[in-house]
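Enquirer: Have a look at this one before I ask anything.
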Amino acid sequence: MRKCLKLLLSINFGVSMKTTISVIKADVGSLAGHVKVPKELIEVCENSLSQALKEGVIKDFYIASCGDDIDLIMTHDKGEDNPAIHELAWKTFKAAAELAKRRHYYAAGQDMLAEAFSGNVRGMGPGVAEMEIVERPSEPIAVFACDKTSPSAFNLPLFKIFADPFNSAGLIIDPKLHDGFRFEVYDVEKNMRILMSCPEEIYDLLALIGMSSRYLIKRVFKKDGNLAAVVSTDKLSKIAGRYVGKDDPVAIARAQSGYPAMGEILEAFAMPQLVPGWMRGSHRGPLIPVSQRDAHPTRFDGPPRIIALGFQVSEGKLLGPVDLFDDVAFDYSRRKAIEICDYIRRHGPFEPHLLSPEELEYTTLPLVTEKLKGRFEPVGKP
């Protein structure tokens with residue numbers, strides 16, 4: 001009898017019922033260079049996910065694009081890294097890539113680095129951010145998508161959101177946030193990870209994530225273990241061993257009621273920080289928070305862009321979205337970013353506009369410098 005009551009409660013009131021939010025992105029072809037996803041490629045993806053919705057594979061979906069990347073936002077009850085969900089994304093992107101190749105769109109199939117699906121899209125090209133949650137009575141989330149930058153673009157904003165009281169006042173005045181958060185940090189050079197707790201280890205955390213070319217924030221947790229945010233940390237150059245385009249990360253963050261407010265989450269992007277990426281993935285530039293309609297980078301193939309979509313998750317359904325950066329309050333950030341563009345572009349092929357040698361290792365520059373190696377000789381007396 002008690003088991004039956006527990007089951008009835010879980011069905012009627014959502015007790016212990018989990019929802020998975022999967023955001024999977026890929027560049028499968030674009031219009032007029034690395035600028036914009038053609039509408040017909042979006043339609044291919046919509047047809048694929050609509051069929052999956054009818055078949056019960058997913059509960060809901062929304063398709064966004066940022067620059068030349070397609071972002072599949074899906075909800076389901078299958079958990080993270082589920083083969084059926086990942087195969088759905090893979091087949092969806094493959095179908096769009098095939099059309100892109102027939103149309104001769106630019107960089108058709110760029111992020112599809114494998115010939116066949118092997119159970120999980122991680123390591124195959126597409127970027128993945130997923131979180132499995134127990135829905136709260138009200139479950140607001142923000143989904144972020146970037147273009148012309150790398151996963152390290154989220155290091156500073158996530159630190160601000162979840163560890164900096166000058167950004168997130170709730171860390172001081174909200175008892176539900178006052179205990180702080182835990183950060184899962186990846187060392188992408190050694191393929192290792194570490195969990196760090198804030199505010200206790202705030203300086204140790206900064207010692208790592210400030211070196212953002214190597215250390216990336218993957219997840220943020222509440223102290224009770226509930227997931228607060230997740231980022232795609234897939235690095236295409238590490239997978240392919242060569243430059244095949246920038247990683248263009250996506251991220252999910254939960255907001256309100258025990259998590260930072262939506263306004264605190266967005267505030268972290270008001271300062272257009274310098275991030276790697278931009279032209280040929282080889283330059284630093286300001287990350288500009290823009291609306292969906294302005295997410296078509298053209299100047300020097302950029303500058304790097306980020307969009308934010310706000311949803312309410314309700315019984316596995318996505319209500320929304322709200323185009324969160326479509327707000328005049330971010331106009332100053334955008335103007336400041338353009339000023340930074342003008343300044344840093346004047347550096348031309350010099351650092352700090354050009355990335356450091358370590359970060360350029362997997363770009364196209366080594367193909368140029370390789371031919372000069374034989375002309376170097378030991379430094380000595382003339």
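Taken together, the values in this text are just the output of simple stated rules run on the coordinates, not laboratory data. What you are looking at is a predicted structure, and each value in this text was computed from that prediction instead of being measured. Note: ideal-geometry Cβ built from the backbone for every residue, glycine included; neighbour counts use all protein chains shown.
Enquirer: Counting only helical runs of four or more DSSP H residues, what would the 222 nm mean residue ellipticity of the chain come to if each run contributes -39,500 (n - 2.57) and the total is spread over all its residues?
Expert: Estimated from H runs of four or more residues: -8000 deg cm²/dmol.
Enquirer: When the C-alpha atoms of the chain are aligned to their principal axes, what extent does each axis show, in angstrom, from largest down?
Expert: Result, largest extent first: 93, 52, 41 Å.
Enquirer: Okay, moving on. Return the ratio Rg/(2.2 N^0.38 Å) for region 15-132, where Rg is computed over Cα atoms only.
Expert: 1.02
Enquirer: By counting other Cβ atoms within 10 Å of each Cβ, how are Lys222, Lys317, Lys25 ranked from fewest to most?
Expert: Working: Lys222 18, Lys317 12, Lys25 28.
Final ranking by Cβ density, sparse to dense: Lys317, Lys222, Lys25.
Enquirer: Can you put Glu43, Glu139 in order of Cβ neighbours within 10 angstrom, beginning with the fewest?
Expert: Result, fewest neighbours first: Glu43, Glu139.
Enquirer: Could you please rank Phe144, Phe311, placing first whichever residue has the fewest other Cβ atoms within 10 Å of its Cβ?
Expert: On the way: Phe144 29, Phe311 22.
In increasing order of surrounding Cβ atoms, one gets Phe311, Phe144.
Enquirer: Now for a different question. What shape does region 291-382 take by its C-alpha gyration tensor, where a ≥ b ≥ c are the square roots of the eigenvalues and a/c under 1.5 counts as rounded, a/b above b/c as prolate, and the rest as oblate?
Expert: prolate
Enquirer: Another one. Quick one: what are the phi-derived ³J(HN,Hα) couplings along region 357-371, Karplus 6.51/-1.76/1.60 with θ = phi - 60°, whole Hz, x for glycine and proline?
Expert: Karplus-based 3J(HN,Hα) across region 357-371 equals x, 5, 6, 7, 4, 9, 9, 7, 4, x, 5, 7, 6, 4, 6 Hz.
Enquirer: Mind listing which GluC sites (Glu not before Pro) in region 240-340 are in a DSSP loop and have 14 or fewer other Cβ atoms within 10 Å?
Expert: Glu315
Enquirer: If one puts a single equal scatterer on every Cα of region 170-219 and applies the Debye formula without solvent, what log₁₀ I(q)/I(0) results at q = 0.24, 0.29 Å⁻¹?
Expert: -0.85, -1.05
Enquirer: Under the rule of at least 5 residues apart or a separate chain, name every residue whose amide H is placed under 5 Å from the amide H of Arg214.
Expert: Excluding prolines and chain starts, which carry no amide H, there are no hits.
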